[in-house]
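Q: I have a structure I would like to understand better, so I am pasting it below and will then ask my questions one at a time.
The values are calculated or read from the model by the stated rules, or taken from the named source; none is laboratory data. All of these numbers come straight from a predicted model, not from anything done at the bench. Glycine gets a Cβ as well: all are built from the backbone with ideal geometry, and neighbour counts include every protein chain shown. For the accessible areas, the whole protein counts, side chains as well, though only heavy atoms, and no ligand, DNA or RNA atoms are used. Shrake-Rupley method; radii C 1.70, N 1.55, O 1.52, S 1.80 Å.
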Amino acid sequence: LPLEGLQSGGSGPLYLKLRQSLEDAIQSGKLNHGDALPPERDLADYANISRVTVRKAVDDLVRDGLLVRRHGSGTFVVKPVSKVQQSLSRLTSFTEDMARRGLNTHARWLERGLFHPSPDEMMALGLPADALVARLGRLRIADDMPLAIERASISAEFLPDPQAVTSSLYTALDKTRSRPVRAVQRISACNIKDPDASMLGVAVGSAGLSIERVSYLASGRVVEFTRSLYRGDAYDFVAELTLSE
Ligand code: GLP
């Protein structure tokens, strides 16, 4: 990193000069998305400035979303994102949405198994307490960028073997002839807290979209109750509106 001479070059507070050098390093690709920033004490020694100054510059970049702190592992460069435009009215799966944009999806599994339903799941899925639900918790990643944390609950009747879901839930439901045909989706704004923020690679407090989907079979039975947390900077929901007669 070109940090020598920070003390001498130009005017203005030192932390702003350091901030600018780090920003330049990110813009020019000297520091890539996902790269760890050297420890603050090393930066301070190297640039011959105090750790307080380094901390201030790094805090600034974290606040502006260029860097993210991950507990226990350090500070990392955040990838600038291009927004995904998503129709509000089509019932599609995450895998299909991303494939349409030429992106490959994969998941980090957070949870996958059969459980007795929580009160929320009993209500949403219309199940008794002794029923079983398949719970699928995933960090959903498109071309290496984490986009959403999704927790889906499906009645075990429609998905008796949650391990059968290797990539797409809707593909697995297709196989048991229980892919939903209709859904009600609720979107609300939120601020992303840890540990979700560090999983999504965004600063704590960044804008997020909390999305709840309840989807139905043609018979009217509920198949899916999913709570998702999307990165607010990566999604743009678009709806076509028509004037009703
Ligand atoms: C979207 C929806 C979820 C749904 C998922 C299925 O992300 N918000 O409610 O469960 O798609 O996606 P896939 O079939 O890729 O697992």
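Q: Within region 62-100, how many residues turn out to be within 13 Å of the ligand (Cβ to nearest atom) and of a type in the set (Lys, Arg)? Spell out how you get there, then give the answer.
A: First, pick out the residues of region 62-100 that are within 13 Å of the ligand (Cβ to nearest atom): 84, 86-88, 90-100.
Next, from what is left, pick out any that are of a type in the set (Lys, Arg): 90, 100.
The total comes to 2.
Q: Condition test on Met122, is it over 30 Å from Arg19 (Cβ atoms), more than 13 Å from the ligand (Cβ to nearest atom), not in a strand (DSSP E or B) and not polar (S, T, N, Q)? Break it down into steps so the answer makes sense when it comes.
A: Values: over 30 Å from Arg19 (Cβ atoms): yes; more than 13 Å from the ligand (Cβ to nearest atom): yes; not in a strand (DSSP E or B): yes; not polar (S, T, N, Q): yes.
Judged against the criteria, Met122 is a match.
Q: Considering each of Leu147, Leu136 in turn, give the residue that is of a type outside the set (Val, Ile, Thr) and either at pLDDT below 95 or out of contact with any Leu (no Cβ under 9 Å at 6 or more places or on another chain) (or both). Show your work before the answer.
A: On the way: Leu136 fails: either at pLDDT below 95 or out of contact with any Leu (no Cβ under 9 Å at 6 or more places or on another chain) (or both).
Answer to the check: Leu147.
Q: Look at Ala207 and say whether it is under 12 Å from the mean Cα position of the chain (by Cα), in contact (Cβ under 8 Å) with a residue 12 or more places away in the chain, open to solvent by 30 Å² or more (accessible area, probe 1.4 Å) and away from the ligand (no atom under 12 Å from the Cβ). It would help to see each step written out before you state the result.
A: On the way: under 12 Å from the mean Cα position of the chain (by Cα): yes; in contact (Cβ under 8 Å) with a residue 12 or more places away in the chain: yes; open to solvent by 30 Å² or more (accessible area, probe 1.4 Å): yes; away from the ligand (no atom under 12 Å from the Cβ): yes.
Criteria met by Ala207.
Q: Another question, if that's okay. If I go through region 210-226 residue by residue, how many of them are part of a strand (DSSP E or B), open to solvent by 30 Å² or more (accessible area, probe 1.4 Å) and more than 10 Å from the ligand (Cβ to nearest atom)?
A: Residues in region 210-226 being part of a strand (DSSP E or B), open to solvent by 30 Å² or more (accessible area, probe 1.4 Å) and more than 10 Å from the ligand (Cβ to nearest atom): 2 in total.
Q: Next question, about the same structure. List, please: which pairs have Cβ atoms under 9 Å, are six or more places apart or on different chains, and start with a residue in region 92-109 that is at positive phi and end with one that is modelled with pLDDT under 90 and open to solvent by less than 70 Å² (accessible area, probe 1.4 Å)?
A: Sorted first by the residue in region 92-109, then by its partner, the pairs are Gly102/Asp143.
Q: In this structure, does Leu103 turn out to be surrounded by 11 or more Cβ atoms within 10 Å (Cβ to Cβ), under 17 Å from the mean Cα position of the chain (by Cα) and assigned to a loop (DSSP other than H, G, I, E, B)? Quick ask: steps written out before the conclusion?
A: On the way: surrounded by 11 or more Cβ atoms within 10 Å (Cβ to Cβ): yes; under 17 Å from the mean Cα position of the chain (by Cα): yes; assigned to a loop (DSSP other than H, G, I, E, B): yes.
Yes; evaluated as a whole, the condition is true for this residue.
Q: Please find, among Leu61, Leu91, Leu114, the residue that is more than 24 Å from Val204 (Cα to Cα), open to solvent by less than 60 Å² (accessible area, probe 1.4 Å) and either among the aliphatic types (A, V, I, L, M) or not in a strand (DSSP E or B) (or both).
A: On the way: Leu61 fails: more than 24 Å from Val204 (Cα to Cα); Leu114 fails: open to solvent by less than 60 Å² (accessible area, probe 1.4 Å).
Of the residues listed, the single one that is more than 24 Å from Val204 (Cα to Cα), open to solvent by less than 60 Å² (accessible area, probe 1.4 Å) and either among the aliphatic types (A, V, I, L, M) or not in a strand (DSSP E or B) (or both) is Leu91.
Q: Within region 126-144, can you find the residues that are away from the ligand (no atom under 13 Å from the Cβ) and either among the hydroxyl-bearing types (Ser, Thr, Tyr) or buried (at least 19 other Cβ atoms within 10 Å of the Cβ) (or both)? Even if it seems obvious, please write down each step before you answer.
A: Quick first cut of region 126-144, residues away from the ligand (no atom under 13 Å from the Cβ) only: 126-133, 143-144.
The answer is Leu127, Val133.
Q: What are the residues in region 145-190 that are surrounded by 21 or more Cβ atoms within 10 Å (Cβ to Cβ) and away from the ligand (no atom under 13 Å from the Cβ), if any?
A: Hit for region 145-190 is Ser155, nothing else.
Q: In addition: Just for region 227-236: of the residues that are open to solvent by 50 Å² or more (accessible area, probe 1.4 Å) and modelled with pLDDT under 95, which one is farthest from the chain's Cα centre (by Cα)? Talk me through it step by step, then tell me what you get.
A: So the first thing to find is which residues in region 227-236 are open to solvent by 50 Å² or more (accessible area, probe 1.4 Å), and the list is 227, 233, 236.
This time we only want the ones that are modelled with pLDDT under 95, so: 233, 236.
Details: Asp233: 10, Asp236: 14 Å.
The qualifying residue farthest from the chain's Cα centre (by Cα) is Asp236.
Q: Hey, another quick one. Looking at (1) assigned to a helix (DSSP H, G or I); (2) surrounded by fewer than 17 Cβ atoms within 10 Å (Cβ to Cβ); (3) touching a Lys or Arg at 6+ places or on another chain (Cβ under 8 Å), which is the one condition that is false for Ser198?
A: (2)
Q: Could you check how many residues of region 15-58 are surrounded by 15 or more Cβ atoms within 10 Å (Cβ to Cβ) and polar (S, T, N, Q)?
A: 2
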